[in-house]
Amino acid sequence: MAAKNQVQFQPGLSLTAFLDRYGSEQRCREALMKARWPKGWRCLDCGHTSHGHLRRRDVYPCNRCKRQVSLTSGTLFAETRLPLRTWFLAIYLLTQH
Ligand SMILES: [Zn+2]
């Protein structure tokens, strides 16, 4: 998967509405999850749709073949240690003006 901006915000979204929706790390994770897997999580190797979550390493292992996928791998967020909400705010500010 090519690294690109997979998060898009609706045009004209106000800053307060943005913060309501994406103001927490958890909200941003959910939004990125939906952007990456719009039809639900799917294993890249075997196509299985059931997965776990290893909190310490923050990866989603496939329940069948055990391949591990991180939420941010293959996205522009992969190489960063910044919180997702920081990125979301930056993208919002860049795309709304
Ligand atoms: Zn699998």
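What number of residues in segment 26-44 are of a type outside the set (D, E, K, R), touching a Ser or Thr at 6+ places or on another chain (Cβ under 8 Å) and either under 12 Å from Trp87 (Cα atoms) or not in a loop (DSSP other than H, G, I, E, B) (or both)?
Here is the first cut: in segment 26-44, the residues of a type outside the set (D, E, K, R) are 26, 28, 31-33, 35, 37-38, 40-41, 43-44.
Then keep just the ones that are touching a Ser or Thr at 6+ places or on another chain (Cβ under 8 Å); that gives 32, 40-41, 43.
The next check asks that each one be either under 12 Å from Trp87 (Cα atoms) or not in a loop (DSSP other than H, G, I, E, B) (or both); those that pass are 32.
Final tally of qualifying residues: 1.
So, of the residues in segment 20-70 that are of a type in the set (Ser, Thr, Tyr) and open to solvent by less than 50 Å² (accessible area, probe 1.4 Å), which turns out to be nearest to Tyr92 (Cα to Cα)?
Narrowing segment 20-70 to residues of a type in the set (Ser, Thr, Tyr): 22, 24, 49-50, 60, 70.
Then keep just the ones that are open to solvent by less than 50 Å² (accessible area, probe 1.4 Å); that gives 22, 24, 50, 60, 70.
Numbers: Tyr22: 10, Ser24: 14, Ser50: 32, Tyr60: 27, Ser70: 23 Å.
Across segment 20-70, the extreme among qualifying residues is Tyr22.
Considering each residue of segment 15-25 in turn, at least one proves to be in contact (Cβ under 8 Å) with a residue 60 or more places away in the chain and part of a loop (DSSP other than H, G, I, E, B). Residues that are open to solvent by less than 70 Å² (accessible area, probe 1.4 Å) and either on the phi < 0 side of the Ramachandran plot or without any contact (Cβ under 8 Å) to a residue 40 or more places away in the chain (or both) within segment 71-85 comprise Leu71, Thr72, Ser73, Thr75, Leu76, Phe77, Ala78, Thr80, Pro83, Leu84, listed in sequence order.
Within segment 38-58, residues that are acidic (Asp, Glu) sit with their Cβ atoms under 7 Å from residues that are within 15 Å of the ligand (Cβ to nearest atom) and at pLDDT below 95, at 6+ positions apart or across chains, in these pairs: Asp58/Ser70. Within segment 50-57, can one find any residue that is within 14 Å of the ligand (Cβ to nearest atom) and within 15 Å of the chain's Cα centre (by Cα)? Within segment 50-57 (the criterion being within 14 Å of the ligand (Cβ to nearest atom) and within 15 Å of the chain's Cα centre (by Cα)), the answer is no, since none of the residues qualifies.
The values are calculated or read from the model by the stated rules, or taken from the named source; none is laboratory data. Quantities reported herein were computed from a predicted structural model and do not represent experimental measurements. FYI the Cβ positions are ideal-geometry reconstructions off the backbone, even for glycines, and counts take in every protein chain you see. What goes into the accessible areas is simple: the full protein's heavy atoms, side chains included, and nothing from ligands, DNA or RNA. Shrake-Rupley method; radii C 1.70, N 1.55, O 1.52, S 1.80 Å.
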